[in-house]
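For reference, the structure is listed below as structure tokens.
Since every read-out is calculated from the coordinates, none of them should be taken as a lab result. Everything quoted here is computed from the prediction, not taken from an experiment. Cβ coordinates were reconstructed from backbone atoms using ideal geometry, including for glycine residues, and neighbour counts include every protein chain displayed.
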Amino acid sequence: MKTLLLYPSFPDTFWSFKHALKFIHKKAAFPPLGLLTVAAMLPADWPKRLIDLNVTRLTEKDMAWADSVFISAMAVQRESARETITRCKSAGLQIIAGGPLFTDEHAAFEAVDHFVLNEAELTLPSFLRDLERDCPQRLYQTTEFADLSQTPPPLWSLIDLKRYAAMSIQFSRGCPFNCDFCNITALLGRRVRIKTAAQIMTELNNLFGLGWRGQIFFVDDNFIGNKKYLQVELLPALIEWQKDKKYIRFNTEASVNLADDRSLMEMMVAAGFDSVFIGIETPAEEGLAECNKKQNKNRDLVESVKRIQRTGLQVQGGFIVGFDSDTPSIFQRQIDFIQKSGIVTAMVGLLNAPPGTRLYKRLKQEGRLAGLISCNTDGTTNIIPRMDLKALSDGYKNIMEHIYSPKIYYERVRTFLKEYKAPKTNLPFNIHDLMAFLRSCIRLGIFGKERFQYWKLLLWTMRKRPELLPLAITFAIYGHHFRKVCEMHIL
């Protein structure tokens with residue numbers, strides 16, 4: 001069966017990095033790892049094409065070629081998914097859907113023929129068996145969780161690696177914590193399930209063999225969920241693998257208790273990790289208690305962030321406003337925390353309640369849900385907040401306008417660069433970096449509103465931390481993207 005694997009487009013958000021990607025002539029930040037993995041689970045004799053709408057178009061010729069469509073999406077891709085499904089249905093294609101969007105909202109997509117939900121390792125085989133017998137059901141679900149040691153490597157041959165800024169890889173699923181607003185435990189459970197170090201080495205070698213030499217993102221929701229295996233098996237294997245590579249850098253997501261384990265942080269840096277996303281959420285203890293963010297409570301969060309950054313891991317932070325316990329002072333407190341901590345990439349959003357979470361269930365009982373979740377960093381929420389909605393919206397806009405204004409943003413970059421311990425082995429400065437620098441000189445240094453701050457940062461970095469000049473340029477480009485998104489969609 002000739003199969004199209006379709007990935008809907010992302011709107012222009014902070015995480016899309018759309019405006020930053022133009023500086024390096026890339027189309028998308030990451031490839032669709034889930035679909036690439038599903039592709040590897042489909043029968044080997046099925047002809048396959050992957051269409052990522054973030055890097056290319058879906059053509060009439062593509063649809064005429066195919067017999068069926070497998071589509072996967074997240075909530076933020078909802079509108080593109082609807083449009084794509086409508087086109088494929090009009091073309092007479094059989095549509096099979098899976099992924100977080102359809103797991104939560106499958107009842108709203110009547111045009112889809114079959115839903116293969118939850119983890120494909122468990123539900124896809126049943127669908128394929130029924131399809132072969134010509135009796136496929138409409139809905140395949142499970143409450144079980146997959147054994148990742150049986151998950152095949154992604155089928156990287158289906159994409160053009162050159163169109164992406166970074167690659168993705170997955171080591172684990174699940175998170176040991178149970179934050180009130182997070183749907184990870186609802187979707188993937190609290191027991192952290194892992195691939196073996198041998199599986200990860202195979203996936204990395206596959207990418208390396210295809211010529212990939214750039215950043216690789218471990219998409220785990222909490223990379224340090226199984227510290228013992230990390231320290232005994234995976235990180236030593238990565239350190240050994242890096243010995244003849246030296247220029248492959250990793251980034252991932254983790255909980256803030258990473259700061260409590262210096263040995264683990266040092267091993268991550270030695271293995272090639274240079275940044276980590278951490279859900280800080282709020283500096284208010286009341287808010288942390290409200291959302292059950294136990295791992296963040298009763299600690300000096302600024303010091304925890306700085307401890308991680310002084311070890312050689314840049315902290316990217318997630319922040320939330322709109323908790324029931326929030327008072328009008330929270331907006332300035334968030335600004336002060338972000339500036340003091342030196343978290344350059346600060347993703348601030350309004351509290352949302354994803355289906356399946358404890359927060360969603362509680363607010364549904366209270367009659368305080370209002371619509372569907374989307375991207376929580378676009379100024380929208382599906383919650384009727386305790387705080388006056390206009391006051392919440394205005395306070396949120398004030399945070400975003402402030403932290404991404406050129407003067408404040410570049411001050412935060414310098415705060416970070418002053419304390420950051422750069423890894424001993426840095427990425428080589430290649431032709432793509434050179435072109436990005438030259439484009440930034442023109443767009444930011446000559447025509448940009450931030451040109452004074454831009455040159456001030458570069459001169460300061462060359463004088464004080466010359467080894468971090470490529471990183472300073474990257475931050476300048478990120479700042480341009482963040483301001484664009486703020487101006488277009490929030491302010």
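Distance check, please: which entries in K22/K297; K162/K306; K27/K61; K294/K361; K89/K390; K245/K297 exceed 29 angstrom between their Cα atoms? Over 29 Å Cα-Cα: K22/K297; K162/K306; K89/K390; K245/K297. In plain terms, the C-alpha convex hull of the chain casts an average shadow of 22.2 nm² when viewed from every direction.
Provide the net charge surrounding D12, with neighbours chosen by a C-beta distance below 10 Å and charges set as Lys +1, Arg +1, Asp -1, Glu -1. For residues surrounding D12, the net value is +1. Largest first, the extents of the alpha carbon coordinates of the stretch 105-152 on the three principal axes equal 34, 27, 17 Å.
Taking Lys and Arg as +1 and Asp and Glu as -1, the other residues whose beta-carbon sits under 9 Å from that of I384 total +1. How far is it, in nm, from the label point at K361 to the one at K484 when both lie 7 Å from their Cα along the line to the Cβ? For the pair K361/K484, the computed spacing is 4.2 nm.
Working note: Debye formula, equal point scatterers on the alpha-carbon atoms of the stretch 165-403, no solvent; log10 I(q)/I(0) at q = 0.14 Å⁻¹ is -0.94. Which residue, M63, I85, S16, has the largest displacement toward the positive end of the dipole of the stretch 10-105 when charges sit on each Cβ (Lys, Arg +1; Asp, Glu -1)? The Cα lying farthest towards the positive end belongs to S16. Taking amide H as placed 1.01 Å from N in the peptide plane, I280 has its amide H under 5 Å from the amide H of G318, each at least 5 places away in sequence or on another chain. Taking every Cα-Cα distance in the stretch 327-437 and sorting them into 5 Å bins starting at zero, the pair-distance distribution P(r) comes out as 2, 10, 16, 15, 15, 13, 10, 8, 6, 4, 1, 0 percent. In angstrom, the C-alpha Rg and Dmax of the stretch 385-491 are 16.1, 52.
Between I95 and V69, D113, H114, the built amide H atoms are under 5 Å apart, and every one of these is 5 or more places off in sequence or on another chain. The Rg/Rh ratio for the stretch 144-195, using Cα coordinates for both the radius of gyration and the Kirkwood hydrodynamic radius, is 1.08. With the gyration tensor restricted to C-alpha atoms of the stretch 3-140, the semi-axes of the equivalent ellipsoid amount to 25, 16, 15 Å, longest first. Taking a temperature of 25 °C and a viscosity of 0.890 mPa s, what whole-number D in µm²/s does Stokes-Einstein yield for the stretch 60-157 with Rh from Kirkwood over alpha carbon pairs? Calculated translational D: 171 µm²/s. Ordering F273, S325, A289 by the projection of their Cα atoms onto the charge dipole of the stretch 273-353, which places +1 on the Cβ of Lys and Arg and -1 on the Cβ of Asp and Glu, puts F273 at the extreme positive end. The protection proxy used here, the mean number of other Cβ atoms lying within 10 Å of each residue, ranks peptides 127-134, 369-376, 264-271, 471-478 as follows, highest first: 471-478, 264-271, 369-376, 127-134.
Note that the stretch 432-490 carries a Kirkwood radius of 11.7 Å, evaluated over its alpha carbons pair by pair.
Computed over neighbours whose Cβ is under 10 Å from that of Y164, the net charge equals +2, Lys and Arg +1, Asp and Glu -1. Across the alpha-carbon atoms of the stretch 1-62, the computed radius of gyration and Dmax are 13.5, 40 angstrom. Estimated from helical segments only, the mean residue ellipticity of the chain at 222 nm is -12000 deg cm²/dmol, where each DSSP H run of four or more residues counts as -39500 (n - 2.57).
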